[in-house]
Amino acid sequence: MQIRALVFDVFGTVVDWRGGVAREVHRLLGPSVDAPALADDWRGRYVPSMDRVRSGELPWTPLDALHRSSLDDVLADTGLADVPSAVREELVLAWHRLDPWPDVLPGLRRLARSYVLAPLSNGNVALQVDLARRSGLPWDCVLGAEVVRHYKPDPEVYDSAPRLLAVPPSSVVMVAAHLDDLAAARARGLRTAYVHRPDEFGGRVVPPSADPDADLSVVSFEELAEALGA
């Protein structure tokens, strides 16, 4: 493969959203709250909130604002309607403080020697910058939903990566732990690499071990770097 750039899904692929959100829920709401369950509930409202933007029910709305809105519903349904506004705002920032999986930084550092690297995430730009600065993610730039004001799997998101990097779609690899993300990328001419993240959902859901339609299926970013000769 004549690869010039790799673009990455972030939540679940690069960072552990469940563990990080649960940690912040425990810190801010206390040990009496089932923090992993609240994180799961909040994440479960992620796609429906973006669908409201895709359908035109809402104008373009960054993910931070969607997270803030869905958090109100999560807290109300959990019997926590009295949580102050300031705490709610701090909880939204939990998504800015997520830890990368252990293999991510070693793998990205190897890949950065040979390829342009960028997130291609539904997370807004400020969120992606905070994640990168917190953990040292070696992105060359930030791409994704807010740049084109569309949420994945809208084709505009995938088309934006080769267009903005001025390279052919076939020279860009979409890296993700989610089959639907990779299928949407392939439909726009991108190469794809599947990363198996068995712990993304805390064992409640175990993703497939490989994507038979992807160019590569790996278990870590280090294996991805090895496969691409980085």
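The values are calculated or read from the model by the stated rules, or taken from the named source; none is laboratory data. As the structure is a prediction and not an experimental result, all values here were calculated from the model. No Cβ is skipped: glycine too gets one built from the backbone with ideal geometry, and neighbour counts run over all protein chains shown. Heavy atoms of the whole protein, side chains included, go into the accessibility calculation; ligands, DNA and RNA do not. Shrake-Rupley method; radii C 1.70, N 1.55, O 1.52, S 1.80 Å.
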Only one of (1) in contact (Cβ under 8 Å) with a residue 40 or more places away in the chain; (2) buried (at least 18 other Cβ atoms within 10 Å of the Cβ) is not met by ARG113, so which one is it?
(2)
Output the number of residues of region 180-208 satisfying the condition of being open to solvent by 60 Å² or more (accessible area, probe 1.4 Å), within 17 Å of PHE8 (Cα to Cα), charged (D, E, K, R) and part of a loop (DSSP other than H, G, I, E, B).
1
For region 124-135, which positions are in contact with an Asp or Glu (Cβ under 8 Å, 6 or more places away or on another chain) and either open to solvent by less than 10 Å² (accessible area, probe 1.4 Å) or in a loop (DSSP other than H, G, I, E, B) (or both)?
ASN124, LEU127
Taking the condition in contact with a strand residue (DSSP E or B) (Cβ under 8 Å, 6 or more places away or on another chain) and surrounded by fewer than 21 Cβ atoms within 10 Å (Cβ to Cβ), does ASP211 pass?
no
Selection count where residues are assigned to a loop (DSSP other than H, G, I, E, B), open to solvent by 50 Å² or more (accessible area, probe 1.4 Å) and not small (Gly, Ala, Ser), scope region 214-230:
2
Positions within region 34-73 being of a type in the set (Gly, Ala, Ser) and either open to solvent by 40 Å² or more (accessible area, probe 1.4 Å) or touching a residue at least 40 places away in the same chain (Cβ under 8 Å) (or both), in sequence order
ALA37, GLY44, SER55, GLY56, ALA65, SER69
